[in-house]
Amino acid sequence: MMEADTIAAIATSVGHAGIGIVRVSGPASCEIARTVFRNSRQQALSAFEPRRMIYGMVINPQTDQKIDEALCVFMPGPNSYTSEDVIELQTHGGPLVLRQVLRVVLDQGARMAMPGEFTQRAFLNGRIDLMQAEAVMGVIQAKTEAALRNATQQMAGELSRRIGLHRQALLNELAHIEASLDYPEEDIGSPVAVNMASFLQQTQQDFDKLLASAQAGRVLREGLRTVIIGRPNVGKSTLLNALIGEERALVTDIPGTTRDSIEEYINIRGIPLQIIDTAGLRESADRVELLGMQRTRASMDSAGLILLMIDASAPISDSDLAILKSLPTVPVIIVVNKIDLPQLADFSGWQGLSRKYPVVSLSAKEKTGMETLESLIEQLVFEDTAHVSIDVSLDNGRQIECLIAAKRSLASALTAIADEMPLDCVAIDLRAAVSALGQITGETVSDEVVREIFAKFCLGK
């Protein structure tokens, strides 16, 4: 366990709530609690029974002024969140009372915790690995049940164990190689190239499965940035309203009503979508409308999915064709809207369109065809991961990069074996793969990376 000072922070979110928590972790936790907390008989406690709630009052020891009634609980290390002695003071959830409670705790010698420092201590003290630590924020930030399941599985160590088994197997293979090189006089025996190649190929295949789930995992974690585009008055705002189930965007029959982007988070079959309604694309001299169209094009460039809307009740225009030709290389769904009206659009010149982009016909106003659109979105997100359990998938960019690096090192080792290069060369590649896997779980990660990871956490976690 690391030697540390005592830290404190408000562990609940800012705002008014029924309950708020001030968390204290470190060697002075109990002493601080004895100073600022009195039981229901207004007595300072000489000792705390582990994991038992005690009702009492938080006071300012300098003035003996009562701050708030509270529940106090002691969780001794190493069986606590941080593996240190932890005290939690649970009070009413008003911002002022929590700040006052935190203030008297800090006055007794604790220091303000940095963002993510409680979880960082859990990692540094060996209670959790780095992948589990990163999953904590996944649980907090989960926007759908699927994202929450994925983060919970990671926090429980499901992926860590899988990565750890591969790392240990590679370490065993590396140890065998190095022993045969260092002690040639011993009857250790050199690894058989064919067997080693087979083992590395099997390992690569499992890495491929993990990476195949990564895109879906990142979508579950971060949300899919989905941009609705099209010329004015094709029904973009109506589609947005239909998807979110409320009148969020202003809808009129006047072209160019939407001048700026409107963003909302919605849940489509467990997939979080950051859906963006944009200004219509067309030729215009209006400066405000032009600015809106510039933002539309910027949104297209950063999109993970584009819904290109076409008005089925109007002839195909040059604007429609221009938008089609300007699409970036991201997944696109062609949404043919207003099928409840007489059909005037002629798609005969759009040969092969349905093969390049999926097409769905619907009426956003009447909410018909919406299930088909949702099915297409689900299919696009998970089309490459049908064979992979999405409940436990990689969803973290740093982890994905490390796994790709490990896979690259295995490929290099396989090339060295195929070229009958010395085992020293194979050992170098295996060492690199082991290091890359260790960066995922934290065994070989640098202090700088650790600081960067936990700096992104919320205060009090």
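Annotations for the structure displayed:
- From the options Ile377, Ile417, Ile453, residue that is modelled with pLDDT under 90, assigned by TED's automatic domain parsing to the domain that holds Leu200 and assigned to a helix (DSSP H, G or I): Ile417
- Among the criteria (1) of a type in the set (A, V, I, L, M); (2) crowded, with 17+ Cβ neighbours inside 10 Å; (3) over 18 Å from Gly164 (Cβ atoms); (4) modelled with pLDDT of 90 or more, the one Val388 does not fulfil is (4).
- Enumeration of residues in the range 117-139 that are touching a helix residue (DSSP H, G or I) at 6+ places or on another chain (Cβ under 6 Å) and outside any helix (DSSP H, G or I): Ile128, Asp129
- Just one of (1) closer than 18 Å to Cys458 by Cα; (2) of a type in the set (A, V, I, L, M, F, W, C); (3) at pLDDT 85 or above fails for Leu148. It is (3).
Matching residues to (1) surrounded by fewer than 17 Cβ atoms within 10 Å (Cβ to Cβ); (2) of a type in the set (S, T, N, Q); (3) closer than 18 Å to Ala113 by Cβ:
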position: Gln62; (1), (2), (3): yes, yes, no
position: Asp68; (1), (2), (3): no, no, no
position: Gly77; (1), (2), (3): no, no, yes
position: Ser80; (1), (2), (3): no, yes, yes
position: Ser83; (1), (2), (3): no, yes, yes
position: Ile87; (1), (2), (3): no, no, yes
position: Thr91; (1), (2), (3): no, yes, yes
position: Val97; (1), (2), (3): no, no, no
position: Gln100; (1), (2), (3): no, yes, yes
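- Only one of Gly245, Gly235 that is at pLDDT 85 or above and over 23 Å from the mean Cα position of the chain (by Cα): Gly235
- Of the residues in the range 144-165, at least one is touching a residue at least 60 places away in the same chain (Cβ under 8 Å), farther than 16 Å from Ala214 by Cβ and not in a helix (DSSP H, G or I).
Here's the yes/no breakdown for (1) touching a strand residue (DSSP E or B) at 6+ places or on another chain (Cβ under 8 Å); (2) among the hydrophobic types (A, V, I, L, M, F, W, C):
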position	(1), (2)
Ser13	no, no
Ala17	no, yes
Ser40	yes, no
Gln62	no, no
Gln65	yes, no
Leu71	yes, yes
Phe74	yes, yes
Val86	yes, yes
Leu89	yes, yes
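The values are calculated or read from the model by the stated rules, or taken from the named source; none is laboratory data. Since we're looking at a predicted model, the values are computed, not measured. All Cβ positions, glycine included, derive from the backbone under ideal geometry; neighbour counts span all protein chains shown.
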